[in-house]
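One structure below.
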Amino acid sequence: SSKTFWTTTGMFPQELIIGFPKCVKISKVAIQCYLVRTLRIERSTSKDPVDFEQCIEKDLQHREGQLQMEEFPLPEFQATYLRFIIQSAFDHFVSVHRVMAEGT
């Protein structure tokens, strides 16, 4: 829902894990967030959310008073879980408003 969001508790790193009903192929990940400085995305193909491997880590640009909209085109990979780790932020609290994964 565009009216909801996930917010951090003020200390870093913070993580958010998204699970799929089965292993899927992903070619692009996008996130809409606020005040995130460094973001790492990891994947797991395990039945449970364990054994993650890093896909990408990126420093995001600060956009005063605006949501950050970042796309990560990636080489197609398989995943059962995606873990988003907010390594650092521009403030004590950040928010994640939308996460999208494209693929099959």
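The values are calculated or read from the model by the stated rules, or taken from the named source; none is laboratory data. Keep in mind it's a predicted model, so treat the numbers as computed, not measured. We place every Cβ from the backbone using ideal geometry, glycine too, and count neighbours over all the protein chains shown. These accessible areas exclude ligands, DNA and RNA; they are computed on the full protein's heavy atoms, side chains included. Shrake-Rupley method; radii C 1.70, N 1.55, O 1.52, S 1.80 Å.
Annotations for the structure displayed:
- Accessible area in square angstrom per residue, the chain, 1.4 angstrom probe: 61 Å²
- Carbon-plus-sulfur accessible fraction, the chain (probe radius 1.4 Å, protein heavy atoms only): 49%.
- Computed lengthening from Ile56 to Thr38, 0.36 nm per intervening residue step minus Cα-Cα distance: 5.4 nm
- Note: relative contact order over the stretch 14-103, using C-alpha pairs below 8 Å and six or more positions apart, is 50 percent.
- Estimated distance in nm for a label pair at Leu16 and Arg98, the labels positioned 7 Å out from Cα along Cα-to-Cβ: 1.2 nm
- At R0 = 25 Å, FRET efficiency that the Cβ-Cβ distance of Lys25 and Phe90 yields, to 0.05: 0.15
- Loop trypsin sites (Lys or Arg not before Pro), the stretch 52-104 (other Cβ atoms within 10 Å of the site Cβ: 14 or fewer; DSSP): Arg63
- Scattering curve values for the stretch 37-99, log₁₀ I(q)/I(0), Debye with Cα scatterers, q = 0.15, 0.18, 0.20, 0.27 Å⁻¹: -0.53, -0.72, -0.86, -1.26
- By the rule of a C-alpha distance below 18 Å, with chain neighbours fewer than 8 residues away ignored, no aspartates and glutamates are paired with Lys47.
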